Structures are given as C-alpha cells and as structure tokens.
Amino acid sequence: MEKDKIQLINPEETVIKIEELYKSFGELEVLKGVDLTVQKGENLAVLGRSGSGKSVLIKILAGLLKPDRGNVTMLGKQLGQLQPKELDELRLRMGFSFQSSALYDGMSVFDNLSFPLTMNIKHLSRKQVNDAVEEALDAVGLIDKIERNPEELSGGQRKRLGIARTLIMKPEIMLYDEPTAGLDPVTCAEINALIVEVQQQYKTSSIIITHDLTCAKNTCERIAMLIDGTFLKIGTFEDVFNTDEEQIKKFFSYNFTL
Amino acid sequence: MNTVGTKKYLFSKEIDSYFEGVYNGYRFTIRFFKEAFTSPFHFREIINQCFEIGLKSLSLITLTGFIVGVVFTKQSRPSLESFGAVSWLPSLMGIAIMRALGPLVTSLICAGKVGSSISAELGSMKVTEQIDAMEVSAINPFKYLVVTRVMATTISIPILSFYCSFIGLIGSYYNVSNEEATSLQVFYHNAFTNISFLDIFSSVTKALVYGFTIGIVSSYKGFFATHGTRGVGKATNQAVILSIFLIFLEEVIIVQIVNWIRYF
C-alpha cells in the first residue's frame, strides 16, 4: 500500500498552497502566519491539540471563514479573489467531511446523497442519479442502508455517509475534519482504511484535521504539527515523532508510543 | 467609549448589541430581496413549505377562528341589544373579522406555530453544521432555506387569514342562529354589506406583511443561532416574541394608513 500511495503523489503539482495565513477572533489570535503546501495525490494530516486552530484552518480552506491576512490557493485559484460563483465552482471540486457528519436530518440516506447532485447538475435522469448514489454508497459500504434515515445509523456509518456525500461530486481535494473523533478503535480503523481507499480510488489530495495519531500515521504521507497557531514541524510521521521540539514531544508522549 | 474586560463598547454591551441586531436584521432583509429575485428559483421547495405551513396550522386556525367568531358575537350581543341594534350583529362581525380579527388571529397563531418551527429547524441545522454542509456543497443555504420559507409564509398566511375569517363568520352564524332564526345566506349577505374593497385590500396587505414578518424574523433568528441546543431554544423564543411584537406594531401603522386613506 505504501508503494501505491507514493506513486499517486505528483511532487510537481501543488494543489493547496497556504501562505502567511492569519486569523483572529476578537483579541484571540488563532492562526499566526501559517504556511503549507499539499501536492497532488498526497494525504496530509494537521495534528494539534484541541483549540490549536485546526478546524479554523480547514474552514478557511473551504471558504466558510475568511482569513484576516494571507493567501490560500486551491487548484490554482486564489480563494480571496474568487467571486461567489467561482467559489461555488471550486467547491464542487472539493469535498468536506464534517466532524459531526452534518447529515440532513429531514432527508433519507438516498436524498442526502442525491441532494447536492441534483442541486448542482440540472437535467440528470432518475437513472443517472440512482447510479451515482449507488456508486458512492457502494464505495463506503453502505449500499444496504439506502432507504434508511440518518438517525437510524451508527456513528461510524454516519461518518461514512458524510464521506459518501462528498464523493458523489467526484472531488479532487478532500478535507476531513476529525474523521475518527468519538468512534471506537475498530470503527476508527475502518474509517482510516476508507480514507486511504478514497485517496486511491478517486485520486484525491487530502488534508486531514485530527488529534488521533493512529489516523495520521495510517492515512497520511506527511504530518504538520500545529501548535499555538503556527506549524512547528512538517514532515513524515517519523520525522515529526523524532523531533527535539519540546512541545511536539510533549504532545506525542501523552498520546502515542510507536 | 465604555470598556468591559478587554472589549470596547460605544455605549454599553446591551445597547451596542441591540443596534448591531437591528443592523444585521436590516442586512438580512435586504439580502432576502436580492436573493429572491435572482435565479436559481426553488419553486418546488416553496410549494413544499406552503403545504407544510398550511397543513400544520389548518386545524388550529379552524378551531381558533370558530371560537373567536362565537365568543366575539356572544360578547357583542348585549351591547347591541341595549341599543336595539341586534340586526347589525352580522354586519359588525363581518367588519371586525375581515378588517382585524382574521389577519391578526391567523398571524398570531402562525407566529407561535410556524415561526417557532422555522426558527428551531434552521437553528438546529446551524448548530449541527448542516447549513455549512450546504455551503461547501455549492448550494446557497440562504436561497434554499430562507428565501423559500419567507416566500411560503408570505403566500400562505393571507390564504389562511381568509380561511380564518370565513370560519370565524361561520362561528358567528352558529351563535346568531341559536338566538334567532336567520339563514346562512341572509347572515353572509348582511355580513358583507358594509365591507368595502379597501377592507379586503387592507386585510390582504396586513396578512402579507405579517406573513413576511414571521418568515423573515424566524429565519433570521434560526439562521444565526449559536451556542448549541440552548442557543436554538433562545432563538426560537426570541423569534416568537419579536414576531408578535412587530405584528402589533405593523397593525397600528397599517390601521392608521388605511384610516387616513378611508377618510381622505
């Protein structure tokens, strides 16, 4: 699997470029000059403690929050310069998996998946919609739940459905916000496997926001350690794990033993 | 400039946040008008919402409208009797119900029932990130959730208001027919004799304005709900209170304008 993952990455092509990004809420400075690049086909984990600004960073990437300063370039488009319509066109090329899954409660599993599709692509036949929904559900192993409602699903199934909803638009970039938060170890392992499967099957590049070291280690080629609003270290899991940086060592010592 | 903690306020926290709320509400309303008249239009969702609002409120409006008709007739009878003017009862009821009670009772019921439901639904969607999920799926949540609901309340409440007036007059006839022999035909003829085009026009205008108010206030409060489930409860409560307050305020203004036109 490692070999396949490395073959997917194209170091020549940068799909996400973050330069000197700052974000504050009132007097609270959350991001203090963040720089990061993600290559095509790469999975990168942003690790950090709760409240370190991970979710703020991913929301800026999705265009849900505006930075105070700095540039974000995704798939060659600078986010700050996009008109609403252009931003929507870019959003169709990326998928966002929410920590809470953010499934639409008023809709069935089928409708949750068909909704973004039918709202964005007009004049699709019923068969085309059915096929796309079945394909996405099949990719996450939930094909037998097609007629259920989200509240009938377990936490892991809801996460899978959230991922399936993004896959239906065939994204080039995936943004995962705490994909394994609140799940048992077995379900965490299943979600981790799914993230790698999505990377390989859909040829996506991803940023995975997490504080779960197992998830970061098993799904990503590189790790970026976000501490106090800046990236203290970016590199392979081993590079980051073996660093002499005190704050990173402290973070790892509480969480993980290789 | 007042300072509380590290944050600076122009007047005080409460006064500043009040004016901020008014300004945000104004911007929200302006955005509604901008979004409502540009494509894409979600007609199917507007129809769904009209159906939801109409069906949800129909039984309550039927019951309340009937009771208002019966009680108001019962209360008015002794006063008219003392002047020997009981025969004016249908006419009085027609004017009272068509001009004021129909739109007012309907909108107050809808502020409670429909307004709270819209606010709670949008508030829950906000705090569970469903609105953000729409946005990142390139679906405009304002257009899909707010515009459709405001349109639906603005369309449905005038229809419900006429229905309420009709049921109120049936309630009134029920009371009148218990006291004296009057046919429904004669009762309705007398009830509508003194109703002018201006009365119908003002009734429709009121219902449209109240419907819009309920929709916009409830959507605004729900759309910007924060602080989890407690915030949703607070937003719902504020939506109902503010809607009712604005409905009474608008009632006073519209009545003043209509009276001015009537006697012009």
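What tally of residues in the stretch A:93-121 results from selecting those that are surrounded by fewer than 18 Cβ atoms within 10 Å (Cβ to Cβ) and within 14 Å of the chain's Cα centre (by Cα)?
Counting residues in the stretch A:93-121 that are surrounded by fewer than 18 Cβ atoms within 10 Å (Cβ to Cβ) and within 14 Å of the chain's Cα centre (by Cα) gives 1.
Could you check, for the stretch B:42-53, whether at least one of its residues is within 17 Å of the chain's Cα centre (by Cα), among the aromatic types (Phe, Trp, Tyr) and surrounded by 11 or more Cβ atoms within 10 Å (Cβ to Cβ)?
Among the residues of the stretch B:42-53, at least one is within 17 Å of the chain's Cα centre (by Cα), among the aromatic types (Phe, Trp, Tyr) and surrounded by 11 or more Cβ atoms within 10 Å (Cβ to Cβ), which makes the answer yes.
Please state which of the following conditions residue A:14 fails to meet, knowing it meets all the rest: (1) within 15 Å of the chain's Cα centre (by Cα); (2) at pLDDT below 90; (3) part of a strand (DSSP E or B); (4) hydroxyl-bearing (Ser, Thr, Tyr).
Against the list (1) within 15 Å of the chain's Cα centre (by Cα); (2) at pLDDT below 90; (3) part of a strand (DSSP E or B); (4) hydroxyl-bearing (Ser, Thr, Tyr), residue A:14 comes up short only on (1).
Output the qualifying pairs, or none if there are none: Cβ atoms under 7 angstrom, residues six or more apart or on different chains, first residue in the stretch B:117-129 and touching a residue at least 40 places away in the same chain (Cβ under 8 Å), second residue part of a loop (DSSP other than H, G, I, E, B).
Qualifying pairs under 7 Å: B:123/B:225; B:126/B:225; B:127/B:225.
Among the numbered conditions (1) within 22 Å of residue B:124 (Cβ to Cβ); (2) within 10 Å of chain B (Cβ to nearest Cβ), tell me where residue A:93 comes up short.
The single condition residue A:93 does not satisfy is (1).
For a quick check of your reading: which helices (runs of 4 or more DSSP H) sit entirely within the stretch B:74-146 and have at least 3 residues that are under 30 Å from residue B:162 (Cβ atoms), away from chain A (no Cβ under 14 Å) and of a type in the set (Val, Ile, Thr)?
In the stretch B:74-146, the matching helices (runs of 4 or more DSSP H) lie at B:102-110.
Among the listed residues B:146, B:136, B:114, identify the single one that is buried (at least 21 other Cβ atoms within 10 Å of the Cβ), free of Cβ contacts under 8 Å to residues at least 60 places away in the same chain and more than 15 Å from residue B:73 (Cβ to Cβ).
Working: B:146 fails: free of Cβ contacts under 8 Å to residues at least 60 places away in the same chain; B:114 fails: free of Cβ contacts under 8 Å to residues at least 60 places away in the same chain.
B:136 is the lone residue from the list that is buried (at least 21 other Cβ atoms within 10 Å of the Cβ), free of Cβ contacts under 8 Å to residues at least 60 places away in the same chain and more than 15 Å from residue B:73 (Cβ to Cβ).
Limited to the stretch A:207-222, what total is found for residues that are in contact with a helix residue (DSSP H, G or I) (Cβ under 7 Å, 6 or more places away or on another chain) and over 21 Å from residue A:182 (Cα atoms)?
Residues that pass the stated criteria total 1.
Might you let me know whether the stretch A:100-121 holds any residue that is assigned to a loop (DSSP other than H, G, I, E, B), more than 9 Å from every other protein chain (Cβ to nearest Cβ), without any contact (Cβ under 8 Å) to a residue 60 or more places away in the chain and within 24 Å of residue B:126 (Cβ to Cβ)? I'd like the intermediate steps shown before the answer.
Taking the stretch A:100-121 and keeping what is assigned to a loop (DSSP other than H, G, I, E, B), we get A:100-108, A:121.
After this cut, where a residue has to be more than 9 Å from every other protein chain (Cβ to nearest Cβ) as well, the list is A:107-108, A:121.
Now drop any that are not without any contact (Cβ under 8 Å) to a residue 60 or more places away in the chain, which leaves A:107-108, A:121.
Right, trim to within 24 Å of residue B:126 (Cβ to Cβ) and you get A:107-108.
There is at least one residue in the stretch A:100-121 that is assigned to a loop (DSSP other than H, G, I, E, B), more than 9 Å from every other protein chain (Cβ to nearest Cβ), without any contact (Cβ under 8 Å) to a residue 60 or more places away in the chain and within 24 Å of residue B:126 (Cβ to Cβ).
Could you please find all residues in the stretch B:205-247 being buried (at least 24 other Cβ atoms within 10 Å of the Cβ) and outside any helix (DSSP H, G or I)?
B:225
Here is a check on your reading of the model: is residue B:59 among the small types (Gly, Ala, Ser), away from chain A (no Cβ under 14 Å), closer than 30 Å to residue B:37 by Cβ and under 21 Å from the mean Cα position of the chain (by Cα)? Walk me through it before giving the result.
On the way: among the small types (Gly, Ala, Ser): yes; away from chain A (no Cβ under 14 Å): yes; closer than 30 Å to residue B:37 by Cβ: no; under 21 Å from the mean Cα position of the chain (by Cα): yes.
No; evaluated as a whole, the condition is false for this residue.
Within the stretch A:213-226, can you find the residues that are out of contact with any Asp or Glu (no Cβ under 8 Å at 6 or more places or on another chain) and either assigned to a helix (DSSP H, G or I) or among the acidic types (Asp, Glu) (or both)?
Hits for the stretch A:213-226 are A:213, A:214, A:215, A:216, A:217, A:218, A:219.
With the condition kept exactly as written, say whether any residue in the stretch B:15-37 is in contact (Cβ under 8 Å) with a residue 40 or more places away in the chain, within 14 Å of another protein chain (Cβ to nearest Cβ) and either under 30 Å from residue B:144 (Cα atoms) or within 21 Å of the chain's Cα centre (by Cα) (or both).
Looking only at the stretch B:15-37, we keep the residues that are in contact (Cβ under 8 Å) with a residue 40 or more places away in the chain, and these are B:24-25, B:28-29, B:31-32, B:35-36.
With within 14 Å of another protein chain (Cβ to nearest Cβ) added as a condition, the list becomes B:31, B:35.
Filter again for either under 30 Å from residue B:144 (Cα atoms) or within 21 Å of the chain's Cα centre (by Cα) (or both), leaving B:31, B:35.
Yes: one or more hits.
Before we move on, is residue A:3 under 16 Å from residue A:70 (Cβ atoms) and either at pLDDT below 85 or not in a loop (DSSP other than H, G, I, E, B) (or both)?
On the way: under 16 Å from residue A:70 (Cβ atoms): no; either at pLDDT below 85 or not in a loop (DSSP other than H, G, I, E, B) (or both): yes.
Here the answer is no, as residue A:3 does not meet what is asked.
Consider residue A:88 carefully, then state whether it is of a type in the set (Asp, Glu), facing chain B (nearest Cβ under 10 Å), touching a helix residue (DSSP H, G or I) at 6+ places or on another chain (Cβ under 9 Å) and not in a loop (DSSP other than H, G, I, E, B).
Details: of a type in the set (Asp, Glu): yes; facing chain B (nearest Cβ under 10 Å): yes; touching a helix residue (DSSP H, G or I) at 6+ places or on another chain (Cβ under 9 Å): yes; not in a loop (DSSP other than H, G, I, E, B): yes.
Taking the combined requirement at face value, the residue satisfies it.
Listed here are the residues, each with its yes/no results for (1) touching a helix residue (DSSP H, G or I) at 6+ places or on another chain (Cβ under 9 Å); (2) in contact (Cβ under 8 Å) with a residue 40 or more places away in the chain; (3) β-branched (Val, Ile, Thr).
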residue: B:185; (1), (2), (3): no, no, no
residue: B:201; (1), (2), (3): yes, no, no
residue: B:206; (1), (2), (3): yes, yes, no
residue: B:216; (1), (2), (3): yes, yes, yes
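For the stretch A:63-84, check the following and say yes or no: at least one residue is part of a helix (DSSP H, G or I), polar (S, T, N, Q) and more than 14 Å from chain B (Cβ to nearest Cβ). Steps first, answer last, please.
Of all residues in the stretch A:63-84, those part of a helix (DSSP H, G or I) come to A:79-81, A:84.
Cutting the leftovers down to polar (S, T, N, Q) gives us A:81.
Right, trim to more than 14 Å from chain B (Cβ to nearest Cβ) and you get A:81.
Yes, because at least one residue in the stretch A:63-84 is part of a helix (DSSP H, G or I), polar (S, T, N, Q) and more than 14 Å from chain B (Cβ to nearest Cβ).
Please state which of the following conditions residue A:136 fails to meet, knowing it meets all the rest: (1) surrounded by fewer than 14 Cβ atoms within 10 Å (Cβ to Cβ); (2) part of a helix (DSSP H, G or I).
Residue A:136 satisfies all of (1) surrounded by fewer than 14 Cβ atoms within 10 Å (Cβ to Cβ); (2) part of a helix (DSSP H, G or I) except (1).
Taking residue A:130 as meeting all but one of (1) under 25 Å from residue A:41 (Cβ atoms); (2) without any contact (Cβ under 8 Å) to a residue 40 or more places away in the chain; (3) touching a Ser or Thr at 6+ places or on another chain (Cβ under 9 Å), write down the number of the exception.
(1)
Condition first: crowded, with 23+ Cβ neighbours inside 10 Å and either outside any loop (DSSP other than H, G, I, E, B) or touching a Gly at 6+ places or on another chain (Cβ under 7 Å) (or both). Now tell me which residues in the stretch A:196-212 satisfy that.
Across the stretch A:196-212, the qualifying residues are A:198, A:199, A:205, A:206, A:207, A:208, A:209, A:210.
The values are calculated or read from the model by the stated rules, or taken from the named source; none is laboratory data. Everything numeric in this text was worked out from a predicted model, so none of it was measured. Reconstructed Cβ throughout: ideal geometry from the backbone, glycine too, with neighbour counts over all protein chains shown.
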